[in-house]
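Enquirer: What follows is a single structure, and I will ask about it in a moment.
The values are calculated or read from the model by the stated rules, or taken from the named source; none is laboratory data. Small disclaimer: the values here were computed from a predicted structure and weren't measured. Please note: Cβ atoms are built from the backbone with ideal geometry, for glycine as well, and neighbour counts cover all protein chains shown.
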């Protein structure tokens, strides 16, 4: 149980978002506790990728387990030549997930953060802060509680504005009868669909995300960019095997099977609530790419500093939460989030040929533009310019698809303009 004065901050969760913001708050010299349903040292199952420039700018390149300079995508016949091969000209990295986890755990231990392994059962607020009561009846009071429990948060409230699209993937780490990608290569997107029947091509498009891990080991993952409801693991597994079989490749040894499913375009949280969020609970997944770890690493320090300043100024309760929300989701980022959601709503309705042509045009944009788009680092005016440039350089079928209002585009645009 926290002491009479309570904590400065209590973070709920045990994944990357929770560890990241806990470490950053501890680095600010705050009295912080981390409450997790399970041991935060438990190994993480899924992989986390990031562009090399992002991790270099953060000075965290030592946390990468793999890094590739030979980075490509394939978009199939009719796109950029016979096979539609496009080199990205940028390094891509895969985090050593154990090293990334330990990076944050070491910081938490160094700053004396209290770790509580318990289940949060109820949350209450007052003018001084918030109180979490656990399943064993203990009460923990803090000036601010941060819900970082993931895409289905325990307490955080998000408005419901329609079906949420899920990015789903099924992947295998293992050894193969022959290399599924070139030696030393990373494939961001392989949208070639010559392995599919004409009937299958009428269904939801999927792509291969794949990489050479060295030593005869490879990671191959069939991915659905976004769909509501999400594509099933069974269908993704069938498509992965069909893709490999078409190229005469057999899986000889399986080291790990990865199942990945997360929401791409949820609405922003209710920014008036006294509870603060971080990570997936706070809709920080990039709606255009599905990436989040880079955003956690970039935005975590700023949020922690803003909360520390507000706490040192004596702010508590709702005022403190508003200081946090104002830093995490300022108007500029809210507008960008709205633009990305608007764009994804379009892409979800593209057929296989339109989607291949769209991404071929997207990655033909100036390198800094498509990179900034995916990293969410372009200022809003530049982001709009980039989207217009993409429209101008796209094929007529893609332009027509972008102009057709088939889904929630108009309502999403209206909400974005309100920001």
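Enquirer: Looking at 100, 34, which one is over 30 Å from residue 366 (Cβ atoms), in a strand (DSSP E or B) and touching a helix residue (DSSP H, G or I) at 6+ places or on another chain (Cβ under 7 Å)?
Expert: On inspection, the qualifying residue turns out to be 34.
Enquirer: Further, regarding this structure: For the list (1) without any contact (Cβ under 8 Å) to a residue 60 or more places away in the chain; (2) in a loop (DSSP other than H, G, I, E, B), I need the number of the one condition that residue 302 fails.
Expert: (2)
Enquirer: For residue 321, work out the one condition from (1) in contact with a strand residue (DSSP E or B) (Cβ under 9 Å, 6 or more places away or on another chain); (2) buried (at least 20 other Cβ atoms within 10 Å of the Cβ); (3) under 21 Å from residue 403 (Cβ atoms) it doesn't fulfil.
Expert: (3)
Enquirer: How many of the residues making up segment 17-48 are surrounded by 19 or more Cβ atoms within 10 Å (Cβ to Cβ) and touching a strand residue (DSSP E or B) at 6+ places or on another chain (Cβ under 7 Å)?
Expert: Counting residues in segment 17-48 that are surrounded by 19 or more Cβ atoms within 10 Å (Cβ to Cβ) and touching a strand residue (DSSP E or B) at 6+ places or on another chain (Cβ under 7 Å) gives 15.
Enquirer: Moving to a separate point now. Taking only segment 224-252 into account, find how many residues are closer than 20 Å to residue 75 by Cα, touching a residue at least 24 places away in the same chain (Cβ under 8 Å) and part of a helix (DSSP H, G or I).
Expert: Looking only at that region, the number is 8.
Enquirer: Failed condition for residue 174, given (1) surrounded by fewer than 14 Cβ atoms within 10 Å (Cβ to Cβ); (2) touching a strand residue (DSSP E or B) at 6+ places or on another chain (Cβ under 6 Å), with all others met?
Expert: Checking residue 174 against (1) surrounded by fewer than 14 Cβ atoms within 10 Å (Cβ to Cβ); (2) touching a strand residue (DSSP E or B) at 6+ places or on another chain (Cβ under 6 Å), the one that fails is (1).
Enquirer: Please tell me if residue 151 is more than 18 Å from residue 35 (Cβ to Cβ) and in contact with a strand residue (DSSP E or B) (Cβ under 9 Å, 6 or more places away or on another chain). Give the derivation first.
Expert: On the way: more than 18 Å from residue 35 (Cβ to Cβ): yes; in contact with a strand residue (DSSP E or B) (Cβ under 9 Å, 6 or more places away or on another chain): yes.
Yes.
Enquirer: So which of 58, 64 is touching a residue at least 60 places away in the same chain (Cβ under 8 Å), within 26 Å of residue 373 (Cβ to Cβ) and in the same structural domain as residue 221 (by TED's automatic domain parsing)?
Expert: None of the others qualify; the one that does is 58.
Enquirer: Is it fair to say residue 67 is part of a loop (DSSP other than H, G, I, E, B), modelled with pLDDT of 95 or more and touching a strand residue (DSSP E or B) at 6+ places or on another chain (Cβ under 9 Å)? Explain how you work it out, then say what you get.
Expert: Working: part of a loop (DSSP other than H, G, I, E, B): no; modelled with pLDDT of 95 or more: yes; touching a strand residue (DSSP E or B) at 6+ places or on another chain (Cβ under 9 Å): yes.
Answer is no for this residue.
Enquirer: Is it the case that some residue within segment 85-102 is out of contact with any strand residue (DSSP E or B) (no Cβ under 6 Å at 6 or more places or on another chain), buried (at least 18 other Cβ atoms within 10 Å of the Cβ), at pLDDT below 95 and under 21 Å from residue 354 (Cβ atoms)?
Expert: No - not one qualifying residue is present in segment 85-102.
Enquirer: Moving on to the next point. All but one of (1) surrounded by fewer than 19 Cβ atoms within 10 Å (Cβ to Cβ); (2) at pLDDT 95 or above; (3) under 29 Å from residue 19 (Cα atoms) hold for residue 143; state the number of the condition that does not hold.
Expert: (1)
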